[in-house]
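These notes concern the structure reproduced below.
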Amino acid sequence: MPDLLLELFSEEIPARMQRKAADDLKKLVTDALVERGLLYEGAKAFVTPRRLTLHVAGLPVRGRDVREERKGPRVGAPDAAVQGFLRAAGLASLDQATIVSDPKKGDSYVAIIEKPGQETLAAIAEIVPAVIRAFPWPKSMRWGKASAAGASLRWVRPLHSILCTFGAETEDTEIVPFEVDGIVSGNVTHGHRFLAPGPITVRRLDDYVSSLEKAKVVLDADRRKEIILADAKNLAFAQGLELIEDEGLLEEVAGLVEWPVVLMGSFEERFLDIPGEAIRATIRANQKCFVLRDPATGNLANRFILVSNLAASDGGVAITAGNGRVVRARLSDAAYFWQTDRGSLPDLDTLKESAGKLGLDLAKPLDQRMAKLDKLGVVFHAKLGTQGERVQRIAALAKELAPIVGADPEKAERAAKLAKADLPTEMVGEFPELQGLMGRKYAELQGEDASVAAAVEEHYKPLGPSDRVPSDPVSVAVALADKLDTLVGFWAIDEKPTGSKDPYALRRAALGVIRLVVENGVRLPLIKVVKDADLLSFFHDRLKVMLRDQGARHDLVDAVLGEGASANDDLLLITLRVAALGRFLDTEDGKNLLAGYKRAANILKAEEKKDGEGAFAGAADLQLIADAGLIEEKALAVALAQATPKAEAAVAAEDYEGAMAALAELRPAVDAFFDKVTVNDPDPAQRANRLKLLNQLRQATRAVADFDRIAG
């Protein structure tokens, strides 16, 4: 069956846009083919800095013929209805319609519409131009003389040519004929911009890939990544070093080159006095280079790996030297930042008021920066005050939370006061991604307690679901205070997440609080801190998402929270109860008890509609049970009398496994009761008494969870 090969050849596509563009091209074209009934066997998209390529395998030569029967009005219907039918069906007159008889509805008109399948070549010629013109680039441009016209083509960078061929593997391919803004489709591509820029005529994917390879273009982005990673590791190994892998940088660099050539450069050892993280950030951000370390010490080496798009005649000597000069210049800047940040500020006299307000020691460089941040009045949010005011709130809250998480209150307060102090430093100003980390470095240099210094860095964590959660109590206290202050503040000014919009990352902050509490086993009475039932409900929603992502059932969270959600502010206990309930419902006792409960609850709901809400409250009459003489009814009453206080006591003692075990004791009695006892007895007194017994069962389970909210 024929294949489609499409290449859109342009100026360099930004690396960050390449993967999505390839996915978009594949989806847009294949979706359009399927809509026309042109099913295919497989499709794959490729991307390099200068081309988007799509290969669709196993397409039919033409689409299927379509035969459709379209029912019209009854014979004798008003002329307006008849004319509307003829227009919709594409008929010239009623002579082209068929009359169909129905014994009940009478005669009516039917149009038989037969459409021959469209030639695939013609369909592609319609699809591809439409896709190109409407392509969803995040940013696009017009170019050349045509750019003066508002309707001219927009593309991420100037589009030079379109290759589009279609044909079977054993036959010559055809060029799919179309044009887009004067660019006529063809069967010609071009190789590497510098190493092999000449035209290349191709037919289908196999010779396209091999021809590009000969012309110094590696089409597959993943293969370029493999080449870069393997060559970088080999170069490092040859020098007795290790590559520090960086998946994000690897992806970016693979999007900058079509013919990756891996080289090693160097810089002076004196620059190794700069913190390794700052060296890495400098080299990564400015030169898109990888750093290396000495496996014997774990420290950075004065070497770096660069990836060139050229196989130079001198073996890359000039390229490496040029990159080395830029790296050294950038490292000189970083060395200056590092030295400056450790010294005293020139305007210390103006910072005394801020230092006094925050309890800072102006003899210490990091304290000076925090005082400077307060003095500058840097705004955190227009309605929530300055960074200095926010730090005061966080410090007070961290001190309050410290005993709850097992931290020293004074250390927690001190760490909170320094947590944002690195924001006005030179290093963080140049490399914002180093905030927190540089604060820790500067805190250690001025002799802060190890826990205080660690908290300055770790209070931002966790930054996402895969990020590490700090475990040091001081870090936990400050991290909780930071996130809770953010949430309470934005809730107070009614800046809550809506739909997919969450500009202040409040969902992430709430998830961070949950993970800090749960993973560190912290018993935090949340409502006392947030003082807002709506915000507490937001935490419950985030908890559901987290537990669901971990494989738990979201309905179990609802069951544990029950109707009194505002009282369930201990997130750790909620997770423990959900886990215990999940394990219980995975057992046969749990499954059968749930089934029995559902049956009891359904009967109660039906009968309460007749007798009124609360009609069956209170304990069942044991004498009536004795009078009925049913062993199974008596057994359920006894089981409830024994299991209910056990379950309640276990929940009070936070022994959720014990509570589930107590409920499990009810299972045999519940099964036997429904097997042998008629609830809606003809005797009204017996009926009411048995419904009271079922209500006792409902109340017994609610000591553990609201079983009504459990699916199944």
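Taking the criterion of being open to solvent by 30 Å² or more (accessible area, probe 1.4 Å), touching a residue at least 60 places away in the same chain (Cβ under 8 Å) and not in a helix (DSSP H, G or I), the only residue of region 110-133 that qualifies is Gln118.
For region 331-359, residues that are part of a helix (DSSP H, G or I) and either more than 40 Å from the chain's Cα centre (by Cα) or of a type in the set (Ser, Thr, Tyr) (or both) total 13.
Candidates Gly186, Gly191, Gly198: the one that is exposed (fewer than 14 other Cβ atoms within 10 Å of the Cβ), over 19 Å from Leu331 (Cβ atoms) and not aliphatic (A, V, I, L, M) is Gly198. Here Thr320 fulfils each of the conditions (1) open to solvent by 40 Å² or more (accessible area, probe 1.4 Å); (2) in contact with a Gly (Cβ under 9 Å, 6 or more places away or on another chain); (3) among the polar types (S, T, N, Q) apart from (1). For region 426-440, the criterion of a residue being free of Cβ contacts under 8 Å to residues at least 24 places away in the same chain and under 30 Å from Leu524 (Cα atoms) is satisfied by at least one position. For beta carbons closer than 6 Å, sequence separation of 6+ or different chains, a first residue in region 261-277 that is closer than 9 Å to Phe304 by Cβ and in contact (Cβ under 8 Å) with a residue 60 or more places away in the chain and a second that is outside any loop (DSSP other than H, G, I, E, B) and of a type in the set (Ser, Thr, Tyr), the qualifying pairs are Gly265/Thr320. Checking each residue in region 458-471 for being out of contact with any Pro (no Cβ under 9 Å at 6 or more places or on another chain) and either without any contact (Cβ under 8 Å) to a residue 60 or more places away in the chain or under 19 Å from Arg393 (Cα atoms) (or both) picks out Tyr460, Leu463, Gly464, Ser466, Asp467, Ser471. Annotation: of all residues in region 1-31 being among the hydrophobic types (A, V, I, L, M, F, W, C) and open to solvent by 20 Å² or more (accessible area, probe 1.4 Å), the one that is nearest to Glu258 (Cα to Cα) is Ala15. Residues that are farther than 21 Å from Tyr656 by Cβ and among the charged types (D, E, K, R) were ranked within region 587-605; the one that is surrounded by the most Cβ atoms within 10 Å (Cβ to Cβ) is Arg599.
For region 606-636, the set of residues classified as open to solvent by less than 40 Å² (accessible area, probe 1.4 Å), under 23 Å from Leu593 (Cα atoms) and part of a helix (DSSP H, G or I) consists of Glu607, Glu608, Ile625, Glu633, Leu636, listed by residue number. The set of residues in region 559-586 being within 17 Å of Met660 (Cα to Cα), surrounded by fewer than 20 Cβ atoms within 10 Å (Cβ to Cβ) and either under 22 Å from the mean Cα position of the chain (by Cα) or in contact (Cβ under 8 Å) with a residue 12 or more places away in the chain (or both) consists of Gly562, Leu573, Leu576, Ala579, Gly582, Arg583. Within region 212-227, residues that are closer than 13 Å to Leu256 by Cα reach partners that are assigned to a helix (DSSP H, G or I) and open to solvent by 40 Å² or more (accessible area, probe 1.4 Å) with beta carbons closer than 8 Å, at six or more positions or on different chains, in the pairs Val218/Ile227; Leu219/Val209; Leu219/Glu213; Ala221/Arg19; Lys225/Glu251.
Of the residues making up region 397-416, those that are surrounded by fewer than 23 Cβ atoms within 10 Å (Cβ to Cβ) and either within 32 Å of the chain's Cα centre (by Cα) or farther than 19 Å from Asp449 by Cα (or both) are Leu397, Glu400, Ile404.
Filtered by the rule that a residue be loosely packed, with under 15 Cβ neighbours inside 10 Å and either free of Cβ contacts under 8 Å to residues at least 12 places away in the same chain or assigned to a helix (DSSP H, G or I) (or both), region 243-253 gives Glu247, Gly248. Scan region 141-185 for residues that are of a type in the set (Ser, Thr, Tyr), at pLDDT below 95 and within 20 Å of Thr53 (Cβ to Cβ) and jot them down. Hit for region 141-185 is Thr173, nothing else. Looking at region 50-109, the strands (runs of 3 or more DSSP E) lying wholly inside it that each contain 1 or more residues that are under 30 Å from Ala221 (Cα atoms) sit at 51-57. Residues considered: Val478, Val474. Of these, the only one that is touching a residue at least 60 places away in the same chain (Cβ under 8 Å), open to solvent by less than 40 Å² (accessible area, probe 1.4 Å), in a helix (DSSP H, G or I) and in contact with a His (Cβ under 7 Å, 6 or more places away or on another chain) is Val478. Taking region 269-293, which residues are touching a Leu at 6+ places or on another chain (Cβ under 8 Å), on the phi < 0 side of the Ramachandran plot and open to solvent by 50 Å² or more (accessible area, probe 1.4 Å)? Listed by number, the residues that qualify are Leu272, Glu277, Arg280, Arg284, Arg293. What residue, of Asp333, Asp314, Asp408, is acidic (Asp, Glu) and either under 26 Å from Glu426 (Cα atoms) or touching an Asp or Glu at 6+ places or on another chain (Cβ under 6 Å) (or both)? So the residue among Asp333, Asp314, Asp408 that is acidic (Asp, Glu) and either under 26 Å from Glu426 (Cα atoms) or touching an Asp or Glu at 6+ places or on another chain (Cβ under 6 Å) (or both) is Asp333. The number of residues in region 360-389 that are among the acidic types (Asp, Glu), over 36 Å from the mean Cα position of the chain (by Cα) and assigned to a helix (DSSP H, G or I) comes to 1.
When residues in region 534-558 are screened for being free of Cβ contacts under 8 Å to residues at least 40 places away in the same chain, part of a helix (DSSP H, G or I) and open to solvent by less than 60 Å² (accessible area, probe 1.4 Å), 10 of them pass.
When you look at Leu463, is it surrounded by fewer than 24 Cβ atoms within 10 Å (Cβ to Cβ), in contact with a helix residue (DSSP H, G or I) (Cβ under 8 Å, 6 or more places away or on another chain) and not basic (Lys, Arg), yes or no?
Considered against the rule, which asks whether it is surrounded by fewer than 24 Cβ atoms within 10 Å (Cβ to Cβ), in contact with a helix residue (DSSP H, G or I) (Cβ under 8 Å, 6 or more places away or on another chain) and not basic (Lys, Arg), Leu463 comes out as yes.
Every condition in (1) open to solvent by 10 Å² or more (accessible area, probe 1.4 Å); (2) of a type in the set (Lys, Arg); (3) under 32 Å from the mean Cα position of the chain (by Cα) holds for Arg224 except the one numbered (1). Can you tell me which residue in region 653-677 is surrounded by the fewest Cβ atoms within 10 Å (Cβ to Cβ), limited to those that are hydrophobic (A, V, I, L, M, F, W, C) and outside any helix (DSSP H, G or I)? Looking at the filtered set, the residue picked out is Ala653.
The values are calculated or read from the model by the stated rules, or taken from the named source; none is laboratory data. Since this is a predicted model, take the numbers as computed values, not measurements. Heads up, the Cβs are rebuilt from the backbone with ideal geometry, glycines too, and the neighbour counts pull from every protein chain shown. Side chains included, ligands, DNA and RNA excluded: accessible areas come from the protein's heavy atoms. Shrake-Rupley method; radii C 1.70, N 1.55, O 1.52, S 1.80 Å.
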